[in-house]
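Written out below as structure tokens is the structure these notes cover.
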Amino acid sequence: MDGQNITGKKTIEINQDGIARTFQNIRLFKELSVLDNVKAGLHNHYRYSTLEGIFRLPGYYKVEKQMDERAMELLKVFDLDREWDYKASNLPYGKQRKLEIARALATKPKLLLLDEPAAGMNPNETAELMETIRFVRDNFDMTILLIEHDMKLVSGICERLTVLNFGQVLTQGETAEVLNDKRVITAYLGE
């Protein structure tokens, strides 16, 4: 990352270096509130001492207020601000996906990895997700790496594609060019 080898680093160190990810199978803190899930992603950027936290000193309240404000800003971007106090597990599936992306963005990544974000979504949720990813792409200063099998989603948001077939690069380039490559069509159709 940025010319540095991150192989063997701990997950938290990789995140501090600027990489965040979401998972194919949603991994939220299901018993925590929507707000607290996003606040968990702010851990690299806001701090107070253990004593301030235990004794609820003024520094604790100041940092918690800043974290609440930043988390609410992100929730508003994803249209989740009205559900800030819901348990994450009580959100519909599509909103859980959005919450996972909001939490990842809270870490202020340079590179956001989205692992099959449309997995398990219905067409309406997928269309909404496409708009969300477009918004993130256009309004946050980061690179997005998307792993996805839904070609409608891929063609709707990606500028460049690399197609892998059984772990080997089949082709790469501009989205329209790659999606019209006969090798890609053959591989996708399983012929």
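Odds and ends about this structure:
- Of all residues in the range 120-137, one or more are open to solvent by less than 60 Å² (accessible area, probe 1.4 Å) and charged (D, E, K, R).
- Residue in the range 39-49 that is open to solvent by less than 60 Å² (accessible area, probe 1.4 Å), closer than 21 Å to Glu125 by Cα and among the polar types (S, T, N, Q) present: no
- Listed by position, the helices (runs of 4 or more DSSP H) inside the range 46-111 whose residues that are in contact with a Leu (Cβ under 6 Å, 6 or more places away or on another chain) number at least 2 are 58-77, 93-106.
- Annotation note: of Ile14, Ile101, Ile26, Ile54, the sole residue that is more than 25 Å from Ala119 (Cβ to Cβ) and either aliphatic (A, V, I, L, M) or over 17 Å from the mean Cα position of the chain (by Cα) (or both) is Ile54.
- Taking each residue of the range 110-134 that is closer than 16 Å to Gly156 by Cβ and looking for partners that are among the acidic types (Asp, Glu) and open to solvent by less than 40 Å² (accessible area, probe 1.4 Å) with beta-carbon atoms closer than 8 Å, six or more apart or interchain, yields Leu114/Glu148; Glu116/Glu148; Pro117/Glu148; Ala118/Glu148.
- When residues in the range 25-45 are screened for being of a type in the set (S, T, N, Q) and part of a helix (DSSP H, G or I), 1 of them pass.
- Checking each residue in the range 33-58 for being under 24 Å from Ser89 (Cα atoms) and in contact with a helix residue (DSSP H, G or I) (Cβ under 6 Å, 6 or more places away or on another chain) picks out Val34, Leu35, Asn37, Val38, Lys39, Gly41, Leu42.
- Counted residues, the range 70-105 - those being open to solvent by 90 Å² or more (accessible area, probe 1.4 Å) and under 23 Å from Phe140 (Cβ atoms): 4
- Neighbours by Cβ (under 9 Å, 6+ apart or cross-chain): first from the range 150-172, outside any strand (DSSP E or B); second open to solvent by 90 Å² or more (accessible area, probe 1.4 Å) and among the hydroxyl-bearing types (Ser, Thr, Tyr): Met151/Tyr188
- Qualifying positions in the range 138-152 - open to solvent by 70 Å² or more (accessible area, probe 1.4 Å) and either charged (D, E, K, R) or in contact with a His (Cβ under 9 Å, 6 or more places away or on another chain) (or both): Asp138, Asp141, Lys152
- Some residue of the range 1-24 being open to solvent by 80 Å² or more (accessible area, probe 1.4 Å), part of a loop (DSSP other than H, G, I, E, B), at pLDDT below 95 and closer than 20 Å to Leu91 by Cα: no
- The one condition in (1) of a type outside the set (S, T, N, Q); (2) touching a His at 6+ places or on another chain (Cβ under 8 Å); (3) open to solvent by less than 30 Å² (accessible area, probe 1.4 Å) that Lys108 fails to fulfil: (3)
The values are calculated or read from the model by the stated rules, or taken from the named source; none is laboratory data. Remember, it's a predicted structure, so these values are computed and weren't measured experimentally. Note that we place each Cβ from the backbone using ideal geometry, even for glycine, and neighbour counts take in every protein chain shown. These accessible areas exclude ligands, DNA and RNA; they are computed on the full protein's heavy atoms, side chains included. Shrake-Rupley method; radii C 1.70, N 1.55, O 1.52, S 1.80 Å.
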